[in-house]
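What follows is a single structure, written as structure tokens, with notes after it.
The values are calculated or read from the model by the stated rules, or taken from the named source; none is laboratory data. The shown structure was predicted, so the numbers you read here are calculated from the model rather than taken from an experiment. Counting neighbours? That spans all protein chains shown, and the Cβs are built from the backbone with ideal geometry, glycine included.
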């Protein structure tokens, strides 16, 4: 085959290809027009899902896992804090109770010590008072001096905590009073009450040094 013949054949093939392409475009246009006229549209194929930012979904999952782990650790720390707070409060209460107990013990020991001192001094002071009351033949100046010394001793004992036991007019208390006699009374309010004090009683704190010697009332029998 000559060159001219080959050229002619190539031109014919090209023209045939152009005609086929044109025919296909005409067919597609007709189909499109037919679809528009009938109101029916061929559904489009769904777009394939894609990740707009590479690795974003994995990072979100990682952050969510880290947040859940942080919340769990926060809950654990909160529980531990409550335990520590409870233990600290209990220890504080124990310390306060121990301090109160030691303070009460120290107070009791102090009262015992002062009671021993007062008891040791009290009896000689009472002997001095008995001597003053029995010394009717001494000069007045001497008696006045002895009474002043006795009063100074009592002041010192009062500073150590010595207190008189209340008696006159009050109810009889066997823990503080010693009944040495009874006296008839007509007033019901004075029955079993202290109507007279023979000798004063003393105590220091809750410790009785000497009971008060008293006379108590007894209802008089009706004639």
Discussion item. For the list (1) out of contact with any helix residue (DSSP H, G or I) (no Cβ under 7 Å at 6 or more places or on another chain); (2) over 20 Å from residue 197 (Cβ atoms); (3) assigned to a helix (DSSP H, G or I), I need the number of the one condition that residue 127 fails.
Written reply: (2)
Worksheet item: Of the residues 203, 147, which single one is farther than 30 Å from residue 220 by Cα, assigned by TED's automatic domain parsing to the domain that holds residue 221 and outside any loop (DSSP other than H, G, I, E, B)?
Response: 203
Worksheet item: Which of (1) loosely packed, with under 13 Cβ neighbours inside 10 Å; (2) in contact with a strand residue (DSSP E or B) (Cβ under 7 Å, 6 or more places away or on another chain); (3) closer than 24 Å to residue 158 by Cα is the odd one out, the single condition residue 184 does not satisfy?
Response: (3)
Item to complete: Give the stretch 170-190 a look and list any residue that's over 51 Å from the mean Cα position of the chain (by Cα) and over 12 Å from residue 215 (Cβ atoms), or say none.
Response: 186, 187, 188
Worksheet item: Could we say that residue 209 is assigned to a strand (DSSP E or B), in contact (Cβ under 8 Å) with a residue 24 or more places away in the chain and out of contact with any helix residue (DSSP H, G or I) (no Cβ under 7 Å at 6 or more places or on another chain) here?
Response: no
